[in-house]
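Inspection log for the structure reproduced underneath, given as structure tokens.
The values are calculated or read from the model by the stated rules, or taken from the named source; none is laboratory data. Values in this document were obtained by computation on a predicted structure and should not be read as measured data. Methodologically, a virtual Cβ is constructed for each residue, glycine included, from the backbone with ideal geometry; neighbour enumeration extends over all protein chains shown.
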Amino acid sequence: MYDIAIIGAGVSGAAIARRLSSYRLDVALIERRVDASFGVSKANSGIIHAGFHHAPSSLKARLEVAGNRAFDALQAELGFPFRRNGIIVAAFSWEEMKVVDGLYAQGLANGARGIEIVGRDRILALEPALSGDVAGGLFAPEGGIIEPYRFVFALVESAVANGVRFLTGWDVTEAIRQGDVWRITSGTGEALEARWVVNAAGLHADTVSAIFGAEHFSIVPRKGEEFILERGAAGPPSRVIFPVPARSSKGVLVIPTVEGTVMLGPTAEEGEDKEDTSTTPENLDRVFDLAIRMVPRISKRDIITAFSGLRPTLPGDDFYIDVSREAPAFVQVAGIQSPGLTASPAIAERVRDLLQEAGLVLVEKPDWHPGIAHMERTRDRAVSDLDRLVAKDPAYAHIVCRCEAVSEAEVVEAIRKGHTTLDGVKYYTRAGMGRCQGGFCTYRIMRLISRETGLPLEKISKHGPGSELVTGRIGEAEGRGAS
Amino acid sequence: MTVRSVDAVVVGGGSAGMAAALAMRQAGLTVAIVERDPFLGGILLQCIHSGFGLHEFGQDLTGPEYAERFIGPVLSSGIDILLDATVMEIRNEPPRGKVLTAFSRRLGIVRFSTRAIVLAMGCRERNRGNVAIAGTRPAGVFTAGLAQRLVNVEGCIPGRRAVIIGSGDIGLIMARRLTLIGCKVLAVVEIQPYPSGSVRNIVQCLNDFSIPLYLGHVVVRIEGKDRVEEVEVAPLDDGHPVSAKSFRIACDTVLLSVGLIPENELSRAAGVSIEAGTGGPWVDADLMTHVEGIFACGNVLHVHDLVDFVTEEARRCGERVVSYLGGERKQGMLTVAPGANVRYVVPNTFVPGRENVLFLRPLVVKNEARLEVRVDGQEIRSRRLAHVQPSEMIRLSLDKDAVSVGAKSTEYGSTPYGGAKSTGYGGAMEVSIR
């Protein structure tokens, strides 16, 4: 019997789980995929927004500003890659500068710190990679960049270290209220009981709400395609560059990622298919045209990969975070699209407050540890400083992924922490994220996963069952291990 | 940290690295090879098909057999071999010293102090992102070389029904290999109107197994949720896919054989300048890069079709390092540039008065072509070529009398590579195909 079951281990669910792990509560974090962050949160622009994009009347504006402020402390505790490199909105005409005036006023009203309107000279000094055609714009020094999956993994690790039970491959198919308790069943027939339920199911929050007999709403997936340019690509900016926003989205950005690549995107297209994460050739051209207008030196030649993600949107485009009025002991955390990653620490605080107001008794754990051991990475260290790390474990000197300089020790750490798929290892370590996109390291990682878990190679998958990398072994009976 | 000192360090223990190291060791230098893998041999070890060694040994060998011809001599030659080790940094400490840092699981950090470095890291495969194929990102998409590794070394069957994108040699070899392990190869799809791989491989790997080759077609989408389910193929018209004529092929595996890129990240970090035509370093006639004492050979310099030519080039590179360390000064040099219908010529300079071997790659498919070599506009050599195509590299050997020494007096103050590389001798050589 759990006090609380949180459905969905994306950034919202993970942040809520970690926040609640500081109280004397039995918490389960339930994820239908094989790893945390494998849904909406993995395909994300990785920006910590600065609080000027949304109207002061919206819930998301309040939570964005509050969330942004939490990241320094969180990084100190959890050690994920994050940097406040500043956000720039680049205006290319006086009409666009008028929109910037509005963003500035909005940011002030929201309580965004340090934002300023900048003229042409200052914006080019702040970001020399910008096109000389720029007229001016907005500068928000508190904006930043983050590795979203590493943030989610760190939140989950911290939650688990503080007693949260993390269940993967667990899809909620049925829920019955018996007295004061929810009895929840999975597709594979497993069951658990919880007094409270938090619905942080991302794209499937509408389905989960229906399963619990709570509010009817529908989540509309809004697809965003992104393109990644290799480390060392021509003309990368040092700050996140936004165009002046259109009505339905923040526009196509040029993002120097916290790990040294450049990301272009996202597009914004509403669809119906919650599994449609495909990319299109038309969007490639469109994104590049828009990006090159702002940062002329970027080149299609430097593309190493493309992906797309789905934003779980609700009509009105605001977050829906509230105690259900239809279902008992059920909290909705739905419509968490941009700036959900930025807002996640504040979303967690709000959910805690809602639970408390609804009568949940919160008693702090005296032995709660906010920190986790920070990951050691060969790439981050100066050569002269590596001897200490290598003395601790020689596997830090064994490079598995040459493009991103990821060592065997890091891959093994990922696997031992439960990231036993190729994508899980990739998101945890960056092995396979570089210019060769796994051409050289895939078999090495498969071998390491096999060595550490005992799984045969044909059982190792990209992102869970059905995505096994190879279908069999030469010389073995046909059908064994075949998909 | 372990510190070692040698005359020359070779980065990479594949076909290029071994041949260069042997040439240097045989001339009496102290040499080290740093190799990433636990074995010498490089990519040859996963190339279990035959066709290697026809030029070098007059024999038809498999990749591992070809590699063995060098591994034995390297192991018994007194070369310092560091396996399972990755070079992380090359620092130039002028005038002649260099420091190379490698990470090794067995030894930790190893630092070599050396006078010359030979870059022999080979190349990597272009991947899906490089050719921007739309669709989803399911399991079952492999570069051809990765699939070759999985089949030939790891003993895995990548899938049951495959489509191969690109008709590069590795893709063709893998079409046959997959067929032999019971996988159905449904199509090879090539964007160009002609094959990217050699004629021999088209015949022996596709035609002999009745595998359809779609020339002038592209895969516009890869579809599938968890595993590849199908690809959409469209013919090209005027360079654009014709979606009205597109068709779908149900498959669970996609292999990409869409080109190779010299792997020069380490070279760039060491200050070596890279040529757009080859993707490899600019090198002079001694195969030395713009950074004094750093040389390059094999697929890191330009992608070769045949390992035999890699060996030849690398051996020559080793010999030039020996001369360089022996204090031999280069004579004046001509700059070498690609002319009509030529994508690149390697190396980028020419020394009159000695034999020079040039490798070049055509831009065109042509029968009855003529190769022309001009110096300052004057034709000095020509050769008839029955057939040229971009997938077949041309080797051009010019004897020591091809360009007469002292014939030129024009001072070339500013080559595209800066005044520092002034040839002193003057003159420009251009190689064309007409």
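Select from the stretch A:216-236 the residues that are facing chain B (nearest Cβ under 10 Å) and in a strand (DSSP E or B) and list them in ascending order. Of everything in the stretch A:216-236, those that are facing chain B (nearest Cβ under 10 Å) and in a strand (DSSP E or B) turn out to be A:Glu225, A:Phe227, A:Ile228, A:Leu229. Is it the case that some residue within the stretch A:80-95 is under 18 Å from the mean Cα position of the chain (by Cα), assigned to a helix (DSSP H, G or I) and modelled with pLDDT under 95? No, the stretch A:80-95 contains no residue that is under 18 Å from the mean Cα position of the chain (by Cα), assigned to a helix (DSSP H, G or I) and modelled with pLDDT under 95. Looking across the stretch A:405-434, the residues that are under 20 Å from the mean Cα position of the chain (by Cα) and within 12 Å of chain B (Cβ to nearest Cβ) come down to A:Thr421, A:Leu422, A:Asp423, A:Lys426, A:Gly432, A:Met433, A:Gly434. Might you check whether a residue that is touching a Gly at 6+ places or on another chain (Cβ under 7 Å) and either touching a residue at least 40 places away in the same chain (Cβ under 8 Å) or within 17 Å of B:Glu230 (Cα to Cα) (or both) occurs anywhere in the stretch B:129-136? The answer is yes, given that some residue of the stretch B:129-136 is touching a Gly at 6+ places or on another chain (Cβ under 7 Å) and either touching a residue at least 40 places away in the same chain (Cβ under 8 Å) or within 17 Å of B:Glu230 (Cα to Cα) (or both). If you go through the stretch B:119-165 and keep only what is closer than 30 Å to B:Glu89 by Cα, over 20 Å from the mean Cα position of the chain (by Cα) and of a type in the set (Val, Ile, Thr), you end up with just B:Val153. Please work out if B:Val231 is more than 14 Å from chain A (Cβ to nearest Cβ), of a type outside the set (S, T, N, Q), surrounded by 21 or more Cβ atoms within 10 Å (Cβ to Cβ) and within 18 Å of B:Arg126 (Cβ to Cβ). It is false that B:Val231 is more than 14 Å from chain A (Cβ to nearest Cβ), of a type outside the set (S, T, N, Q), surrounded by 21 or more Cβ atoms within 10 Å (Cβ to Cβ) and within 18 Å of B:Arg126 (Cβ to Cβ).
Here B:Asp60 fulfils each of the conditions (1) in contact with a Ser or Thr (Cβ under 8 Å, 6 or more places away or on another chain); (2) surrounded by 15 or more Cβ atoms within 10 Å (Cβ to Cβ); (3) acidic (Asp, Glu) apart from (2). Considering each residue of the stretch A:363-381 in turn, none proves to be modelled with pLDDT of 95 or more, among the hydrophobic types (A, V, I, L, M, F, W, C) and not in a loop (DSSP other than H, G, I, E, B). For the stretch B:85-113, filtering for residues that are surrounded by 23 or more Cβ atoms within 10 Å (Cβ to Cβ), more than 8 Å from every other protein chain (Cβ to nearest Cβ) and not aliphatic (A, V, I, L, M) leaves 1. Taking A:Ser338 as the residue in question, decide whether it is part of a loop (DSSP other than H, G, I, E, B) and within 21 Å of the chain's Cα centre (by Cα). It is true that A:Ser338 is part of a loop (DSSP other than H, G, I, E, B) and within 21 Å of the chain's Cα centre (by Cα).
Can you tell me which residue in the stretch B:181-203 is surrounded by the fewest Cβ atoms within 10 Å (Cβ to Cβ), limited to those that are more than 14 Å from every other protein chain (Cβ to nearest Cβ) and in contact with a His (Cβ under 9 Å, 6 or more places away or on another chain)? So the residue we want is B:Val199.
Looking only at the stretch B:288-295, decide whether some residue is of a type in the set (D, E, K, R), in contact (Cβ under 8 Å) with a residue 40 or more places away in the chain and under 19 Å from B:Ala16 (Cα atoms). Taking every residue of the stretch B:288-295 in turn, none turns out to be of a type in the set (D, E, K, R), in contact (Cβ under 8 Å) with a residue 40 or more places away in the chain and under 19 Å from B:Ala16 (Cα atoms). Quick one: in the stretch B:204-225, which of the residues that are buried (at least 19 other Cβ atoms within 10 Å of the Cβ) and not in a strand (DSSP E or B) is farthest from the chain's Cα centre (by Cα)? Filtering first and then ranking leaves B:Gly224. Residues of the stretch A:256-277 that are of a type outside the set (A, V, I, L, M) and surrounded by fewer than 20 Cβ atoms within 10 Å (Cβ to Cβ): A:Glu259, A:Gly260, A:Glu269, A:Glu270, A:Gly271, A:Glu272, A:Asp273, A:Lys274, A:Glu275, A:Asp276.
Taken together, the residues in the stretch B:115-132 that are hydrophobic (A, V, I, L, M, F, W, C) and assigned to a loop (DSSP other than H, G, I, E, B) amount to 3.
Among the residues of the stretch B:133-161, those identified as at the interface with chain A (Cβ under 7 Å from one of its Cβ atoms), buried (at least 24 other Cβ atoms within 10 Å of the Cβ) and in a loop (DSSP other than H, G, I, E, B) are B:Pro158, B:Gly159. Exactly one residue out of A:Ala140, A:Ala129, A:Ala50 is buried (at least 17 other Cβ atoms within 10 Å of the Cβ), farther than 16 Å from A:Pro339 by Cβ and either touching a Lys or Arg at 6+ places or on another chain (Cβ under 9 Å) or among the aromatic types (Phe, Trp, Tyr) (or both): that is A:Ala129.
Filtered by the rule that a residue be aliphatic (A, V, I, L, M), touching a helix residue (DSSP H, G or I) at 6+ places or on another chain (Cβ under 8 Å) and more than 7 Å from chain A (Cβ to nearest Cβ), the stretch B:116-132 gives B:Ala116, B:Val118, B:Leu119, B:Ala120, B:Met121. Within the set B:Leu236, B:Leu255, B:Leu178, the sole residue that is within 14 Å of another protein chain (Cβ to nearest Cβ), in contact with a His (Cβ under 8 Å, 6 or more places away or on another chain) and touching a residue at least 24 places away in the same chain (Cβ under 8 Å) turns out to be B:Leu236.
So is B:Gly168 under 23 Å from the mean Cα position of the chain (by Cα), surrounded by 23 or more Cβ atoms within 10 Å (Cβ to Cβ) and either among the aromatic types (Phe, Trp, Tyr) or away from chain A (no Cβ under 11 Å) (or both) or not?
yes
Within the option set A:Ala159, A:Ala112, being surrounded by 21 or more Cβ atoms within 10 Å (Cβ to Cβ), touching a residue at least 24 places away in the same chain (Cβ under 8 Å) and assigned to a loop (DSSP other than H, G, I, E, B) holds for one residue only, A:Ala112. Among the residues of the stretch B:373-392, write down those that are among the small types (Gly, Ala, Ser) and under 17 Å from B:Leu363 (Cα atoms). The answer is B:Ala386, B:Ser391. Taking the listed residues A:Arg430, A:Arg451, A:Arg416, the one that is more than 20 Å from A:Ala43 (Cβ to Cβ), touching a residue at least 12 places away in the same chain (Cβ under 8 Å) and not acidic (Asp, Glu) is A:Arg416, with no other qualifying. The criterion of at least 3 residues that are closer than 18 Å to A:Ala36 by Cα, β-branched (Val, Ile, Thr) and assigned by TED's automatic domain parsing to the domain that holds A:Val331 is met by none of the strands (runs of 3 or more DSSP E) falling completely within the stretch A:166-210. Among residues of the stretch B:239-248 being more than 29 Å from the chain's Cα centre (by Cα) and closer than 25 Å to B:Gly129 by Cβ, the one that is surrounded by the most Cβ atoms within 10 Å (Cβ to Cβ) is B:Pro241.
Cβ-Cβ contacts under 6 Å between residues 6 or more apart (or on different chains), taken from a first residue in the stretch A:272-296 that is farther than 22 Å from B:Arg128 by Cα and within 14 Å of chain B (Cβ to nearest Cβ) to a second residue that is surrounded by 17 or more Cβ atoms within 10 Å (Cβ to Cβ) and acidic (Asp, Glu), are absent. Scanning the stretch B:225-263 for residues that are out of contact with any helix residue (DSSP H, G or I) (no Cβ under 8 Å at 6 or more places or on another chain) and acidic (Asp, Glu) returns B:Asp226, B:Glu229, B:Glu230, B:Glu232, B:Asp237, B:Asp238, B:Asp252.
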